[in-house]
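The values are calculated or read from the model by the stated rules, or taken from the named source; none is laboratory data. The structure displayed is predicted, hence computed values, not measured ones. Positions of Cβ are backbone-derived with ideal geometry, glycine not excepted, and every protein chain shown enters the neighbour counts. What goes into the accessible areas is simple: the full protein's heavy atoms, side chains included, and nothing from ligands, DNA or RNA. Shrake-Rupley method; radii C 1.70, N 1.55, O 1.52, S 1.80 Å.
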Amino acid sequence: MNIKKIKLNNVLMVIAIIAIFAYIFVQFYSVTHIKLETEKAEITTVYQSINTTAVVVREEKALDTPDGVVTVPCVDDGDKVNAGGNVAMTFADTEQATGYSKYAEIQKEITYYEKLATQTLGQSSSVESINSEIDSKLNDYVRAIYNVNTDELRSESESINDSLLRRQMIIGEKVDLMKVIQGLNKELEKYSSTSTPSDYVNSDISGVFSSYVDGFENVIPYDKAEEADVATIEKALETTKKKKDVGKDKLGKLITSYVWYFECALDADEVKTLSDGQKVTIALKNSDDTVIKGEILSGAEPVPGQAKTALIIKCNVMSPKLTSLRREDIEIRIRSFEGFKIPASALHVNEDKKGVYALVSSQVMFRETEVIYSEDDWVIVKFEPDNPNGVRIYDKVITQGKELWDGKVYT
C-alpha cells in the first residue's frame, strides 16, 4: 500500500515538474518570438470634440387637423409655405385619403419613368461609378433601418431602385420602360375617383412645413431659448425621453424662423477649450452624413467654481431632415486633425527623433513623425509629403515586433 502511494506521489511530482517546465518554455518563447504585426498608413481625419445630448429649440407652430375630415399634406417637408397658402388637402374619410395618396404616388412613378425613358446611354454613368453609387446607397439604406426612420427608408429604397435600373440600362439589358408606364397608367385609372380633394387647409402664417409633430414644440419656449439655464435644459431632455402620442389631431407644423438652437447641459470643465461666439460644427451621431454649422451663443465661459453650464449653439440652416430634430445625440466638433492614425505603442525614439518603424520590402525603416493629436491609445501623426524620411501613404507601420532597428531585414 505504501509502495503504491510512493509511486503515485512520484508520478504526480514528475507531472508537476513537466508542467512547470512547459510553462517556463511557453513564457520564454512568447518573449523571444514576438510576431511581427503591421498596419497600413492611411490618411484620416479626426476631431477634437465633445459628445453630448442636446434638445433642439425652434420657433414652430403645430397645425390642427379640421374636425370630421382626413388630411393629406400637399407640400413636402422643408417646403416654404406663404401666409394664406395651402398646406394640406381634406377628404371625407380614410379610404378617400388613401386613394388620393396612391394616385399621387403612381403619378410620381409615371413621371419618373417617362423622364428615365428619354435618357440615352451616353448620359449615363460608367458601370464602376454606378456600382459605387449602389454600395453607398445600400449603406444609407442599412443606416435608415438601424435608425428606424421610415421616411428615409422609403427614400433610400426608391433611390436604390433608380440606380439598379440605370445599371441594367448601362450594361445593355433590355428594360421595356414603355410597358412599365402603360401598366402604371392602367393602375392609375383605378384611383381616378379620388384624384380631387374635397377642400384645402390654408396657413395663416408663413414658414417651413414639416409633417413631423412630436408634441414638444414648446418644451422650451422659443422666446426663452437664449436664456435657458442648466435646470431648464435638463428638464427638457428628461421630458423628451418618452414620445408623446399626438394622434391625428395635428397635420404637421410650420417652422417660422430660420434661427434655431442646440441646447445642452455640460460639466464646466468640458468647455474649457471653447469660447462664446466661436464657430463650431455639429455632427448628428445617428446620421453620418449630417453636419451642421453653428455658433456658440453662450455657456462656453462659465464663471470660476461653476459646476455645470448651459451651452447654447445657434444655427440658421434648414433642410427636410433637420425639421424633425428634437432630442439628439451630437458631436460638437471643435477642431479637425488630418494625418495618419496609428497606435501610440507604435511610436519609438531613434537618435533623439520620434517616429515609427515601417516594413518596406522586408526591411525595417525608421520614419520620422510629428504627433499633432493624441488620445490614450492612439495618435495622429502629420502627413509630410515633402519629407523624404516621413511616413508615406500605405506604409506598413510596425505595431508589434522585437528588437527593431533601422535597416533590419526580415526574412
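State whether one or more residues within the range 244-253 are β-branched (Val, Ile, Thr), in a strand (DSSP E or B) and either touching a strand residue (DSSP E or B) at 6+ places or on another chain (Cβ under 8 Å) or under 26 Å from Asp79 (Cβ atoms) (or both).
No, there is no match, as no residue in the range 244-253 is β-branched (Val, Ile, Thr), in a strand (DSSP E or B) and either touching a strand residue (DSSP E or B) at 6+ places or on another chain (Cβ under 8 Å) or under 26 Å from Asp79 (Cβ atoms) (or both).
Anything in the range 51-78 that is open to solvent by 60 Å² or more (accessible area, probe 1.4 Å), of a type outside the set (S, T, N, Q) and out of contact with any helix residue (DSSP H, G or I) (no Cβ under 7 Å at 6 or more places or on another chain)? List them, or say none.
Lys61, Asp64, Asp67, Gly68, Asp76
Regarding the range 372-391, can at least one residue be identified that is out of contact with any Phe, Trp or Tyr (no Cβ under 6 Å at 6 or more places or on another chain) and under 30 Å from Glu217 (Cα atoms)?
No: zero hits.
I'd like the residue in the range 125-155 that is surrounded by 13 or more Cβ atoms within 10 Å (Cβ to Cβ) and either in contact with a Lys or Arg (Cβ under 6 Å, 6 or more places away or on another chain) or of a type in the set (D, E, K, R) (or both) and, out of all such residues, is modelled with the highest pLDDT.
Glu133
Would you confirm whether or not the range 24-39 contains a residue that is under 30 Å from Ile334 (Cα atoms) and at pLDDT 85 or above? Spell out the reasoning first.
Initial filter on the range 24-39 (under 30 Å from Ile334 (Cα atoms)): 39.
Going one step further and asking which of them are at pLDDT 85 or above, we end up with 39.
Within the range 24-39 (the criterion being under 30 Å from Ile334 (Cα atoms) and at pLDDT 85 or above), the answer is yes, since at least one residue qualifies.
So which strands (runs of 3 or more DSSP E) stay within the range 356-397 end to end and still have 3 or more residues that are in contact (Cβ under 8 Å) with a residue 12 or more places away in the chain, within 17 Å of Ala344 (Cα to Cα) and not aliphatic (A, V, I, L, M)?
Strands (runs of 3 or more DSSP E) meeting the threshold: 363-368.
Filter the range 384-405 for residues that are surrounded by 14 or more Cβ atoms within 10 Å (Cβ to Cβ) and over 31 Å from the mean Cα position of the chain (by Cα) and give the result.
Answer for the range 384-405, where residues must be surrounded by 14 or more Cβ atoms within 10 Å (Cβ to Cβ) and over 31 Å from the mean Cα position of the chain (by Cα): Asn387, Gly390, Ile398, Gln400, Gly401, Leu404.
Can you spot a residue in the range 176-190 that is over 27 Å from Ile106 (Cβ atoms) and among the polar types (S, T, N, Q)?
Scanning the range 176-190, I find no residue that is over 27 Å from Ile106 (Cβ atoms) and among the polar types (S, T, N, Q), so the answer is no.
Okay, residues lined up against (1) surrounded by fewer than 16 Cβ atoms within 10 Å (Cβ to Cβ); (2) aliphatic (A, V, I, L, M); (3) at positive phi; (4) touching a Lys or Arg at 6+ places or on another chain (Cβ under 8 Å):
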{"site": "Asp214", "(1), (2), (3), (4)": "no, no, no, yes"}
{"site": "Tyr222", "(1), (2), (3), (4)": "no, no, no, yes"}
{"site": "Ala228", "(1), (2), (3), (4)": "no, yes, no, no"}
{"site": "Lys253", "(1), (2), (3), (4)": "no, no, no, yes"}
{"site": "Ala283", "(1), (2), (3), (4)": "no, yes, no, yes"}
{"site": "Gly294", "(1), (2), (3), (4)": "no, no, no, yes"}
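So in the range 79-111, with the set limited to residues that are among the aliphatic types (A, V, I, L, M) and farther than 24 Å from Leu254 by Cβ, which one is most open to solvent (accessible area, probe 1.4 Å)?
Looking at residues that are among the aliphatic types (A, V, I, L, M) and farther than 24 Å from Leu254 by Cβ, I get Ala92.
Looking only at residues that are touching a Ser or Thr at 6+ places or on another chain (Cβ under 9 Å) and open to solvent by less than 70 Å² (accessible area, probe 1.4 Å) in the range 352-376, which one is farthest from Gly407 (Cα to Cα)?
Gly355
Using the structure shown, decide if Ile334 is surrounded by 13 or more Cβ atoms within 10 Å (Cβ to Cβ) and of a type in the set (A, V, I, L, M).
Taking the combined requirement at face value, the residue satisfies it.
When the range 336-351 is examined, which residues are found to be part of a strand (DSSP E or B), more than 11 Å from Asp406 (Cβ to Cβ) and not β-branched (Val, Ile, Thr)? First the steps, then the outcome.
First, the residues of the range 336-351 that are part of a strand (DSSP E or B): 336-343, 347-350.
In the following step, the residues that additionally are more than 11 Å from Asp406 (Cβ to Cβ) were identified as 336-343, 347, 349.
Listed by number, the residues that qualify are Ser336, Phe337, Glu338, Gly339, Phe340, Lys341, Pro343, Leu347.
Restricted to the range 326-343, and to residues that are at pLDDT 95 or above and of a type in the set (A, V, I, L, M, F, W, C), which residue is farthest from the chain's Cα centre (by Cα)?
Filtering first and then ranking leaves Ile332.
Here is a list of conditions, (1) at pLDDT 70 or above; (2) farther than 30 Å from Leu359 by Cβ; (3) within 31 Å of the chain's Cα centre (by Cα); (4) not in a loop (DSSP other than H, G, I, E, B), and Val46 meets all of them except one; can you say which number that is?
Just one mismatch for Val46, condition (2).
Six or more apart or on different chains, Cβ under 9 Å: which pairs go from a residue in the range 182-206 that's among the acidic types (Asp, Glu) to one that's surrounded by 13 or more Cβ atoms within 10 Å (Cβ to Cβ) and outside any loop (DSSP other than H, G, I, E, B)? Could you list them?
Partner pairs satisfying both residue conditions: Glu187/Lys102; Glu187/Ile106; Asp199/Met89; Asp199/Thr90; Asp199/Phe91.
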